């Protein structure tokens, strides 16, 4: 009898061990159904049975292994908590900045070296768009010659040279010409004021994207009689220290700024403003020392031009071109004899300089150039 009891006890132990093993293998491991908790009353803790609760820290819906740790690559695994949501390999722009993956918050730039474009980017690795995404700030193309207008004085339109034709040859475009010899910016001169030339262009056709201009020289060279002593500004080396000469320039600056503001209102996007070279001295028109005031006025004219973008709230860009380097070493041979106006050589050099600048800056270009916004 005792032997039979011993045999029965052994079989019972084997049976119980097998049941316990089967219960542990039916847990959450490998995504299986939760195992059945062990029956209470035998000293076991109901909450300790395998498969009864997800492991601490696992994301809801995440697959876990048999011990409750997250399973790698399982369906329903949690998305990354931070970062771009894409690998930072330069294949796409952030537009608004990464939350954390790029070494810190970067609402405009990442501070990483991945080559991605952040704001307004189009995925090509540069910081601005190229017309195929947000932020295209390329200059507009000219779709018709009439969208370009030329205003100014005799340095543009005069019998001693051929600047309009020289420029048209370079550009392959013939813009509307309103410049007249003897015109001034604000006072003096013997022709239509330069700001009024622009108004003439607007009346003829207000669709203007580009203005090429000069101006301000005749305000000094042919001063108005309303400026007592103004006629001596071109004959004095100390003219910049004479109040009347300064006042004439200040008035011209005021009108030039107002004129550019008006251009922005009409819809002009770019102004190319070129300023005179140093001219021959001692001529009947230019006077004894014309360059004293030209040197003084050059820096002020550049300030007017450079300030146009901010002054117009970003509507108008003014591009200043100084012709002094172009004419350096060619005075007086590039000027008409006993005159301050360029001859044909001088105007051809002007056209070369101006059109080269415009090409490099993509100003006044046609769609075929590929650099502008159609």
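A few remarks follow.
- Distance histogram for the range 251-374 (every C-alpha pair counted, 10 angstrom bins, percent rounded to whole numbers): 12, 35, 33, 17, 3
- For the peptides 350-360, 285-295, residues were scored by their other Cβ atoms within 10 Å and the scores averaged per peptide; the highest-first order is 285-295, 350-360.
- Contour excess over end-to-end distance, with Cα ends at residue 246 and residue 165 and 0.36 nm allotted per residue: 25.7 nm
- Label-point gap, in nm, between residue 369 and residue 225 - each point 7 angstrom along Cα→Cβ: 4.6 nm
- Residue 143 paired with residue 315, simple spin-label distance in nm, labels 7 Å along Cα-to-beta-carbon: 2.1 nm
- The protection proxy used here, the mean number of other Cβ atoms lying within 10 Å of each residue, ranks peptides 163-169, 323-329 as follows, highest first: 163-169, 323-329.
- Computed over the range 145-366: relative contact order in percent, which uses C-alpha pairs under 8 Å that are six or more apart: 23 percent
- Value of Rg to Rh for the range 155-215, rounded to two decimals, is 0.97; Kirkwood radius and Rg both from alpha-carbon coordinates.
- With the alpha-carbon atoms of the range 158-310 aligned to their principal axes, the span from lowest to highest coordinate is 43, 34, 25 Å, starting with the largest.
- Computed across the range 183-228, the Kirkwood hydrodynamic radius from all distinct Cα-Cα pairs reaches 11.5 Å.
- Length-normalised contact order of the range 261-367 in % [C-alpha pairs under 8 Å, at least 6 apart]: 32 percent
- Take each peptide in 262-269, 224-231, count the other Cβ atoms within 10 Å of every residue, and average; sorted highest first, the result is 262-269, 224-231.
Read-outs throughout are calculated quantities, based only on the coordinates presented, and are distinct from any laboratory measurement. Keep in mind it's a predicted model, so treat the numbers as computed, not measured. Don't worry about glycine lacking a Cβ; one is built from the backbone with ideal geometry, like all the others, and counts go over all protein chains shown.
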